Amino acid sequence: MQNVSVAVIPGDGIGNETVRAGRRVLDAAAELDGGIKFEYTEFEWGCAYYLRHGEMAPKGFLNTLANFDTILLGAVGYPGVPDHVSLWGLLLPIRRGFEQYVNLRPVRILRGVVSPLRGRNPGDVNFVCIRENTEGEYSNMGGRLHAGLPHEVVVQNTVFTRVGTERIIRYAYQLAANAPRKRLCGATKSNGINYTMPYWDEIFNEIGEREFPEVNRWLCHIDALAANFVLKPDEFDVVVASNLFGDILTDLGGAIMGSIGMAASANINPERRYPSMFEPVHGSAPDIAGRGIANPVGQIWSVSLMLEHLGRADLGKAVLDAVEDVLEEGRVRTPDLGGRNTTDEMTDAVIARLAQRLR
Ligand code: NAD
Ligand code: IPM
Ligand code: MN
């Protein structure tokens, strides 16, 4: 029996609703399979905790989390606490502290979903974004001088280290080398950003030439790349991007998949020195929080990525297949997909399909 300890951080807003869905699917998969078992410890950290205690999580929370095999997270950030305070108080320190430098975010039109892109059907779009997750534009370095005065200056530094840049690009090449068409697109902006992005391009080309000559690589400026996500999404196998570019591209990825509520992500420490973390791409969605209507698919797909990371790609695939079965059948849908069903009803339907597949 594989026993897995999971630190659960529902966080804020719909995170509480979707994390529950993710846990239920994990438990259903484990029970049906019989070879894996999950033990959860839930942490009530987030914006409500901040309003009571003046911090997003207790001091030393990374040491607490380090003892777990893996982390399941909902969303962090809610009106009432400034976003930079909440995110730098919880989510971003986990990604950075645990060297989860790979943020893997699949973009794929699932069976049964109508993409807003005209003429694009399930199977036409299927690629993965590899987002740098620990440095780049999210540097926490900079400053503000002469606050409020006419000559006020605000500076935010962008940091690209050799280690950080090489490891993310190499990871993306490895994935691309195993993709059917061996295609890797690097997101750049070396026409306008004249230190970091030319450096990124140089490393992208060096690693490609020396270590992965079989991979078809090309660089694309982020502005044109955004347009190509819409115009030619079938071009991509793997896209590698810096932290901010990857962030923006993957909400766009969610949109072309039919709803950002369906986009999943894995924050991976490939060396497995620290736990990896699984969470949907979307945020706490204050506009629909508390109504029980959030689409749980992003969280459920993230759980599928967790299973894959834990060496159970078979179970992960069964979970995603079950999601697609439900979407294809089309009877149960949350409002973001034009339906009237709740988060729980969607989750029930996925579990029922999973049971059919695993029995
Ligand atoms: P958001 O992703 O929360 O919401 C954007 C839009 O998408 C909203 O209209 C929302 O209703 C919809 N949406 C999102 N998830 C959905 C789901 N599962 N089902 C149906 N509809 C869904 O983005 P935002 O409004 O920019 O951010 C809200 C808060 O969440 C902010 O505090 C932000 O910083 C935070 N945030 C956190 C994370 C994270 O924890 N990883 C990610 C993004 C945003
Ligand atoms: C995401 C989110 C976060 C990010 C925010 C909330 C800091 O948008 O996970 O995509 O930019 O990484
Ligand atoms: Mn984002």
(message) Is it the case, given these coordinates, that Gly330 is at positive phi and over 20 Å from the mean Cα position of the chain (by Cα)?
(response) yes
(message) Looking at segment 8-54 only, could you name the residues that are of a type in the set (D, E, K, R) and outside any loop (DSSP other than H, G, I, E, B)?
(response) Glu17, Arg20, Arg23, Arg24, Asp27, Glu31, Asp33, Lys37, Glu39, Glu42, Arg52
(message) For segment 159-180, give me the residue count where each residue is assigned to a helix (DSSP H, G or I) and either touching a residue at least 40 places away in the same chain (Cβ under 8 Å) or within 20 Å of Asn216 (Cβ to Cβ) (or both).
(response) 14
(request) Confirm whether Phe68 is among the aromatic types (Phe, Trp, Tyr), in contact (Cβ under 8 Å) with a residue 60 or more places away in the chain and not in a helix (DSSP H, G or I). (result) yes
(message) Based on this model, can you work out whether Arg291 counts as of a type in the set (Lys, Arg), out of contact with any helix residue (DSSP H, G or I) (no Cβ under 9 Å at 6 or more places or on another chain) and either in the same structural domain as Ala29 (by TED's automatic domain parsing) or away from ligand 3 (no atom under 14 Å from the Cβ) (or both)?
(response) no
(message) I need the full set of residues from segment 206-220 which are exposed (fewer than 15 other Cβ atoms within 10 Å of the Cβ) and either under 23 Å from the mean Cα position of the chain (by Cα) or farther than 23 Å from Leu252 by Cα (or both), in order please.
(response) Glu206, Glu209, Arg210, Glu211, Pro213, Glu214, Asn216
(message) Looking at the structure I just gave you, is Val125 β-branched (Val, Ile, Thr) and farther than 24 Å from Asn194 by Cα?
(response) yes
(message) Could you go through segment 108-120 and let me know if any residue there is under 17 Å from the mean Cα position of the chain (by Cα), modelled with pLDDT of 95 or more, away from ligand 1 (no atom under 16 Å from the Cβ) and not assigned by TED's automatic domain parsing to the domain that holds Val323.
(response) yes
(request) Name the residue, out of Leu310, Leu305, that is touching a Phe, Trp or Tyr at 6+ places or on another chain (Cβ under 7 Å) and under 29 Å from Ala30 (Cα atoms). (result) Leu305
(request) Might you check whether a residue that is buried (at least 18 other Cβ atoms within 10 Å of the Cβ) and out of contact with any helix residue (DSSP H, G or I) (no Cβ under 6 Å at 6 or more places or on another chain) occurs anywhere in segment 123-142? (result) yes
(request) Please enumerate the residues belonging to segment 233-259 that are in contact with a strand residue (DSSP E or B) (Cβ under 8 Å, 6 or more places away or on another chain), more than 16 Å from ligand 3 (Cβ to nearest atom) and over 17 Å from Glu135 (Cα atoms). (result) Pro233, Glu235, Phe236, Asp237, Val238
(request) Could you pull out the residue among Val102, Val85, Val155 that is among the aliphatic types (A, V, I, L, M), in contact (Cβ under 8 Å) with a residue 12 or more places away in the chain and within 16 Å of ligand 3 (Cβ to nearest atom)? (result) Val102
(message) Looking at Arg333, Arg340, Arg357, can you tell me which residue is more than 16 Å from ligand 3 (Cβ to nearest atom), part of a helix (DSSP H, G or I) and farther than 30 Å from Leu92 by Cβ?
(response) Arg357
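The values are calculated or read from the model by the stated rules, or taken from the named source; none is laboratory data. None of the values given here were measured: they were computed from a predicted structure. Neighbour counts run over all protein chains shown; Cβ positions are idealised from the backbone, glycine included.
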